[in-house]
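So the structure is just underneath, and the comments pick up after that.
We did not get these values from a lab; they are worked out from the coordinates using the rules stated. None of these values were measured; they are calculated from a predicted model. Virtual Cβ from ideal backbone geometry, glycine too; neighbours counted across all protein chains shown.
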Amino acid sequence: MFASTKAMNKRKRQCRVMSGFLDGIRCGDCECNVDWGERRNTIASIAAGVLFFTGWWIIIDAAVKYPAEDEFHHAYHTCGVIATVAFLMINAVSNGQVRGDSYSEGCMGQTGARVWLFIGFMLAFGSLIASMWILFGGFVVPQKATVYPGIAVFFQNAFIFFGGLVFKFGRTEDLWQ
């Protein structure tokens with residue numbers, strides 16, 4: 001019993017040593033002292049724009065590479081258009097409008113802003129789910145020779161979806177007031 005207690009104490013000491021092996025690394029010790037708080041909106045906007053652009057670039061590449069209707073049906077672009085509309089709807093209302101802090105007038109006030117945001121998120125999730133259905137139902141299950149158009153549709157919608165989330169929740173509204 002004494003040997004097992006000794007082994008357990010040795011393991012605990014090793015865990016303490018291992019758990020603190022990153023403690024000596026100093027992050028942010030440079031002389032540049034960049035205040036990321038002031039640049040948060042800029043960084044989130046650029047990141048969301050890059051994600052949005054990448055999504056559309058991927059689908060344009062697939063449309064150019066597979067122009068025939070039997071390889072890549074042109075109706076599959078509908079998911080990307082709906083995702084773009086959802087991106088715009090989600091980011092059209094501010095968080096203050098949804099909370100009721102800065103918006104009390106208009107057609108429905110705070111309730112209208114919440115309904116608008118909810119519909120935007122429903123469209124975003126719906127287009128993402130539809131792009132998965134296109135990928136698997138149109139390309140993977142039928143075992144087509146080229147799966148890239150289905151992958152392109154999915155990644156387009158995924159990039160637009162995550163770009164919308166970054167643009168909505170990555171920015172702060174404190175600088176607007």
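Sorting 68-75, 129-136, 150-157 by average packing, meaning the other beta carbons within 10 Å per residue, from highest down gives 150-157, 129-136, 68-75. For segment 68-177, the dipole from Cβ point charges (+1 on Lys and Arg, -1 on Asp and Glu) about the Cα centre works out to 200 debye, to the nearest 20.
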